[in-house]
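Contents: one structure, followed by commentary.
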Amino acid sequence: MKDQISSTIYSNSSAGSRVRVKKLVISGMLTALTVALSGFSIPVGASKCFPMQHLANVLAGVFLGPVYGVSMAFCTSLIRNLMGTGSLLAFPGSMAGAFLGAYLFQKTRKLLPAYLGEVAGTGLIGGLLCYPVAIFLMGKEVAVFFFVVPFLMSTLAGTLLAAILLAMLRRLGLFSYFERLINE
């Protein structure tokens, strides 16, 4: 009986660590892909818009969850800043969107709330969180809502790309396959 219990506990913890490793590897791959595609940017006002970041945020939110989604967004922003292809504004924008999109998907298991969470999180919340970053860390004098419009434009483009990709995955039957593959 004791061996049976310890074997069950061991197999459950082993399965959990396999899932964590898979999610870590996938978040690393999404980070690498997003950094590699960071050359594709759209300058809007004082900010650079990276639609690929928002595409990755939605994918991470749907397949990996809030912790991995936010971690992926942070690592991507950090690497882009270290490479000189990003700005400090990437941190609040991408992380707020990644969290809200992933959280809403986790609670509803529906894609529309994930899309709306990414757009609201990045465009509205992230845009507003950039105000203190710009004032105190970057020394720029900007209006409170200065970053909302450029962030909305960027996140709308990336979220639309994510919606198209996820619709294709669903149509091909790969969406549920990827979910099973990651979570087994």
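The values are calculated or read from the model by the stated rules, or taken from the named source; none is laboratory data. What you see is a predicted model, and the numbers here were worked out from it, not measured in a lab. All Cβ positions, even for glycine, are placed from backbone atoms using ideal geometry, and neighbour counts span all protein chains on display. Protein only, heavy atoms only, side chains kept; ligands, DNA and RNA dropped before computing areas. Shrake-Rupley method; radii C 1.70, N 1.55, O 1.52, S 1.80 Å.
Side notes on the structure shown:
- The set of residues from the range 42-79 being small (Gly, Ala, Ser), modelled with pLDDT of 95 or more and not in a helix (DSSP H, G or I) comprises just one member, GLY65.
- Within the range 80-94, being part of a helix (DSSP H, G or I) and within 19 Å of SER154 (Cα to Cα) holds for ARG80, ASN81, ALA90, PHE91, PRO92, GLY93, SER94.
- Lone unmet requirement of (1) modelled with pLDDT of 95 or more; (2) surrounded by fewer than 24 Cβ atoms within 10 Å (Cβ to Cβ); (3) polar (S, T, N, Q) for ASN183: (1)
- Residue in the range 109-128 that is at pLDDT below 90, open to solvent by less than 20 Å² (accessible area, probe 1.4 Å) and out of contact with any strand residue (DSSP E or B) (no Cβ under 6 Å at 6 or more places or on another chain) present: no
- Test: residue in the range 23-41 that is under 20 Å from GLY127 (Cβ atoms), open to solvent by 10 Å² or more (accessible area, probe 1.4 Å), outside any helix (DSSP H, G or I) and of a type in the set (A, V, I, L, M, F, W, C): no
- Search result, residues across the range 100-122 that are over 18 Å from LEU160 (Cα atoms) and in a helix (DSSP H, G or I): TYR103, GLN106, LYS107, THR108
- Checked against (1) open to solvent by less than 80 Å² (accessible area, probe 1.4 Å); (2) under 12 Å from HIS54 (Cα atoms), TYR131 passes all but a single condition, namely (2).
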